[in-house]
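One structure is given below, encoded as structure tokens.
The values are calculated or read from the model by the stated rules, or taken from the named source; none is laboratory data. It should be emphasised that the depicted structure is a prediction, and the values quoted were computed from it without experimental measurement. With ideal geometry, Cβ positions are generated from the backbone for all residues, glycine too; neighbour counts draw on all protein chains shown. Calculation scope for accessible area: heavy atoms of the full protein, side chains included, ligands and nucleic acids excluded. Shrake-Rupley method; radii C 1.70, N 1.55, O 1.52, S 1.80 Å.
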Amino acid sequence: MIIRDLYRSRVEDLHKAIVASTATLLRRGVITPAAEVEAGDVERLADRPDFDPSLSFVAYEGPEPVAFLVSRLVQAGEAREAVWSLFGGAAGARHALEALLDDTLAHWRREGATRARKDAAGLLLSEPRLTEDAELLDLLKQREFTVTGTSSELATDLKKLATPKELAERAAEARQKGFLIRSARADEALVIARQYDPRHTRQHSQEFWNLVVHHMRPQATLVVEHRRQFIAFATFLGWTLDRPCPSLGPHFVDEAYRKGGLDALLLHEALLVAKANAKESVRAFCATGRTEVHQRAGFTVTGRFCHEAEAALS
């Protein structure tokens with residue numbers, strides 16, 4: 001087996017290794033099988049200013065790429081940290097994964113990193129499944145990584161969607177208090193983009209938000225209006241709207257209005273919009289600690305993932 005960094009290996013081989021792997025990835029905000037990752041996704045990753053070819057590797061068995069690990073170094077105050085975003089391999093490539101991880105750990109330590117953690121690089125992130133990818137997670141555990149945060153994928157069957165009595169009562173109460181949930185108008189997309197920029201919501205990266213705004217469609221975006229002011233919004237990921245099962249994207253309720261279940265009511269209204277447009281299902285992705293509001297809106301958890309993991313390197 002040979003391990004090469006991305007100075008000595010082609011970006012095309014990194015793409016081949018990803019596509020041939022059993023990995024699950026978060027791609028543009030959607031849980032995606034590795035086989036659906038396109039060459040353009042990997043090329044955009046390699047073109048990022050913070051992409052580090054010297055700390056990104058492909059492992060080969062003969063001529064075939066069978067495993068991959070993408071990482072970089074970041075400065076955290078006085079300390080230097082290693083951040084890895086992509087890690088996985090083909091079925092049966094346990095030895096390659098072990099060798100690749102051990103080799104990378106040695107590189108991180110030589111570079112003076114005192115901690116390693118998992119975090120996104122651009123619009124791609126390995127998202128190991130807690131059950132199906134137990135072997136990979138066990139390997140991380142053996143190298144003293146600890147899972148510090150999990151995420152969830154959720155979905156709902158729109159044919160079976162009904163409005164619970166509790167949400168119907170909340171909707172009536174919201175109307176009485178002057179809250180209006182409606183589709184955004186074409187001229188309101190810019191208002192939403194500015195008002196709910198990540199600087200204000202502290203959700204998502206600027207790169208992801210820019211992509212969301214670029215693909216935002218008013219008919220697939222809801223706002224909550226109170227006294228002629230927007231106090232909440234929810235939008236579908238525009239690049240998924242042509243699918244039978246689109247994905248719900250960013251949503252946010254201003255802090256002063258979060259009591260009273262307005263968040264669940266907004267998400268449920270989004271599901272009703274998808275149902276009215278003859279969609280079969282709606283998918284969503286969020287940190288596990290935020291699944292409750294989705295479940296109250298009508299979603300069911302369909303998968304759980306390792307979203308954050310870290311290890312001390314000293």
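Collect the residues in segment 272-292 that are at pLDDT 95 or above and of a type in the set (A, V, I, L, M), keeping them in residue-number order. Selection gives Leu272, Val273, Ala274, Ala276, Ala278, Val282, Ala284. Candidates Leu101, Leu25: the one that is surrounded by 17 or more Cβ atoms within 10 Å (Cβ to Cβ) and either in contact with a Gly (Cβ under 8 Å, 6 or more places away or on another chain) or within 30 Å of Leu237 (Cβ to Cβ) (or both) is Leu25.
Does His307 fit the bill of being assigned to a strand (DSSP E or B), within 19 Å of Glu127 (Cα to Cα) and at pLDDT 95 or above? The answer is yes for His307.
Every listed requirement among (1) under 30 Å from Ser281 (Cβ atoms); (2) open to solvent by 10 Å² or more (accessible area, probe 1.4 Å); (3) not hydrophobic (A, V, I, L, M, F, W, C) is met by Glu81 save one, (1). Among the residues of segment 67-78, those that are surrounded by fewer than 23 Cβ atoms within 10 Å (Cβ to Cβ) and among the hydrophobic types (A, V, I, L, M, F, W, C) comprise Leu73, Val74, Ala76. Filtering segment 275-282 for residues that are assigned to a strand (DSSP E or B) and either open to solvent by less than 60 Å² (accessible area, probe 1.4 Å) or hydroxyl-bearing (Ser, Thr, Tyr) (or both) leaves a non-empty set. The helices (runs of 4 or more DSSP H) found entirely in segment 160-271 that carry 1 or more residues being open to solvent by 40 Å² or more (accessible area, probe 1.4 Å), at pLDDT 95 or above and closer than 30 Å to Leu124 by Cβ are 189-195, 206-214.
Scanning segment 144-159 for residues that are part of a helix (DSSP H, G or I) and open to solvent by less than 60 Å² (accessible area, probe 1.4 Å) yields one hit, Leu158.
For every residue, the table says whether it meets (1) within 17 Å of the chain's Cα centre (by Cα); (2) closer than 20 Å to Phe208 by Cα; (3) among the basic types (Lys, Arg).
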{"position": "Val37", "(1), (2), (3)": "yes, yes, no"}
{"position": "Gly40", "(1), (2), (3)": "no, yes, no"}
{"position": "Pro49", "(1), (2), (3)": "no, yes, no"}
{"position": "Glu64", "(1), (2), (3)": "no, no, no"}
{"position": "Ala79", "(1), (2), (3)": "no, no, no"}
{"position": "Leu97", "(1), (2), (3)": "no, no, no"}
{"position": "Arg109", "(1), (2), (3)": "no, no, yes"}
